[in-house]
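This report concerns only the one structure given below.
The values are calculated or read from the model by the stated rules, or taken from the named source; none is laboratory data. What you see is a predicted model, and the numbers here were worked out from it, not measured in a lab. Note: ideal-geometry Cβ built from the backbone for every residue, glycine included; neighbour counts use all protein chains shown. Heavy atoms of the whole protein, side chains included, go into the accessibility calculation; ligands, DNA and RNA do not. Shrake-Rupley method; radii C 1.70, N 1.55, O 1.52, S 1.80 Å.
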Amino acid sequence: MKSKTFIMALTSTIYATAVFAQTEKGVSITYRLSYQSHQEIKGKSRVFCILDIIGENSRFYNSEFERAQEITDSMQQRGCNIYEIRAEKKKEGLTGLRESTSTLKNFPDKGKITVTEQVVETLLYEENMPKFNWKLTNKDTTILGYKCFEATTTYRGRTWRTFYTPDIPINEGPWKLCGLPGLILFAADSLNQFCYECVGMKNEVKHPIALKKKKYRKCSPQEMANMLSLLSKDIDEFFYRMTGAKPQHFDASGKPMKLDMSFTVCLKEEFGK
């Protein structure tokens with residue numbers, strides 16, 4: 001029921017885009033993200049992500065993951081156990097969420113970017129805002145009634161093709177993408193492993209553009225990429241590096257065994273390329 005209501009809400013916001021304007025309350029743009037989680041798994045996962053913008057600050061995040069975290073935090077404060085929390089999230093279809101990336105631009109200071117990722121602990125890195133070398137083309141299309149123009153760029157191992165609209169003069173976009181003379185309404189990498197499609201907008205931001213008060217494990221961008229890769233390649237080694245202890249696995253007869261599971265994760269950022 002919730003998913004149907006959400007889709008209906010998105011539909012209504014699409015028809016409201018003609019009167020879109022940035023206000024003091026900020027603007028909130030919804031994107032449908034289709035992504036390939038691992039090289040060996042050809043199917044795509046789909047989630048709705050939100051880009052909230054207030055002034056020069058913005059935050060991009062998976063709305064379903066955000067809701068799951070809200071449930072967890074609220075129920076933990078009430079003393080609920082992990083089974084009760086899991087059951088509550090299951091009621092809303094919020095289980096097995098992989099896409100946990102949160103990207104804050106011009107945060108904590110202007111010209112900075114902060115990225116977090118949930119992998120057992122919450123990893124966090126800060127760096128300077130990326131400077132994309134955009135190449136504008138003469139191709140155009142229409143998205144949600146807006147005339148859009150194509151631009152491409154290469155960043156940390158991926159080539160991105162985007163469509164932006166000068167009708168919305170905000171140099172923002174999904175994830176880290178930004179710096180064009182208009183809002184980016186579509187972005188996809190050349191391997192078609194990640195695709196962001198704008199599906200709705202509204203003139204109000206419901207969540208603050210800030211980090212939540214919690215414990216973070218600070219790292220560099222490359223260290224975060226390495227940990228995400230290790231999680232898929234060797235989960236025992238991953239947990240050893242995160243917690244200092246290796247999990248034990250047993251077969252049906254109770255004998256110790258090695259977990260034979262190795263995948264190649266699809267990363268938005270690949271270093272050394």
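Within the shell defined by Cβ-Cβ distances under 13 Å, the residues around residue 151 carry a net charge of +1, with Lys and Arg each +1 and Asp and Glu each -1. Extension gain, residue 154 to residue 263: 0.36 nm times the residue separation minus the Cα-Cα distance gives 36.7 nm.
The simple spin-label model puts a point 7 Å past each Cα toward its Cβ; for residue 74 and residue 229 those points are separated by 4.0 nm.
Going by the alpha-carbon gyration tensor, a ≥ b ≥ c the square roots of its eigenvalues, is region 118-261 rounded (a/c under 1.5) or, if a/c is not under 1.5, prolate (a/b greater than b/c) versus oblate? Because a/c hits 1.5 or more and a/b exceeds b/c, region 118-261 counts as prolate.
Accessible surface area normalised per residue over the chain is 55 Å², counting heavy atoms of protein chains with a 1.4 Å rolling probe. Before anything else, pin down the relative contact order of region 54-176: Cα pairs under 8 Å, at least 6 apart, normalised by residue count, whole percent. In percent, rounded to a whole number, it is 18.
Can you check what the net charge comes to around residue 29, using other residues whose Cβ is under 12 Å from the Cβ of residue 29 (Lys, Arg +1; Asp, Glu -1)? Neighbourhood net charge equals -1. The packing ranking, built from the mean of other Cβ atoms within 10 Å per residue, places the peptides 169-178, 198-207 in the order 169-178, 198-207, highest first. Taken over the Cα atoms of region 93-184, the convex hull encloses 138 Å³ per residue.
The calculated Kirkwood hydrodynamic radius for the chain is 20.2 Å, given to one decimal from all distinct C-alpha pairs. Extending 7 Å from the Cα toward the beta-carbon at both residue 39 and residue 192 defines two label points whose distance is 1.9 nm.
Between residue 110 and residue 87, the simple spin-label model (points 7 angstrom out along Cα→Cβ) gives 5.2 nm. About the centre of its Cα atoms, the chain shows a dipole size close to 200 debye [charges on the beta carbon of Lys, Arg (+1) and Asp, Glu (-1) only; nearest 20 debye]. Of the solvent-accessible surface of the chain, computed with a 1.4 Å probe and all protein chains present, 52% belongs to carbon and sulfur. Take 156-163, 186-193 and order them by the average number of nearby Cβ atoms within 10 Å per residue, most first; the result is 156-163, 186-193. For residue 44, give me every one of the lysines with a C-alpha distance below 17 angstrom, ignoring sequence neighbours fewer than eight places off in its own chain. Correct list for residue 44: 268. Please give the net charge around residue 111, taking every other residue with its beta carbon less than 13 angstrom from that of residue 111, where Lys and Arg add +1 and Asp and Glu add -1. Result for the neighbourhood of residue 111: 0.
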